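Okay, structure first, notes after.
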Amino acid sequence: MRLNIIDIKKVPGGTMRDSLVNGVAFKKTFSHAGFEQQPKKFSNPKILLLNIELELKSEKENAEIRLSDPSQYQSIVDA
């Protein structure tokens with residue numbers, strides 16, 4: 001077994017019996033329209049491992065704006 005591909009995640013809560021997860025654990029719940037009808041178990045799934053966030057960030061949060069006049073600030077916030 002290649003130990004360099006194992007990652008340990010600390011998640012508060014639970015007991016010692018809950019500590020071992022035989023598979024993959026996701027901290028966030030999956031919630032979207034129609035989620036209740038989706039299968040909860042998959043046979044022979046194809047798995048993709050990513051080292052990036054899958055959560056989309058809005059452009060407003062990631063944008064950088066430079067103002068030359070402090071009076072422009074409120075118009076940017078209101079936009």
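The values are calculated or read from the model by the stated rules, or taken from the named source; none is laboratory data. This one's a predicted model, so the numbers in the text were calculated from it and none came from an experiment.
Structure summary
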read-out: Residue satisfying all of: in the range 53-79; at pLDDT 75 or above and of a type in the set (A, V, I, L, M); nearest to Ile6 (Cα to Cα) among these; value: Ile65
read-out: Residue in the range 24-33 that is at negative phi, modelled with pLDDT of 70 or more and in a loop (DSSP other than H, G, I, E, B) present; value: no
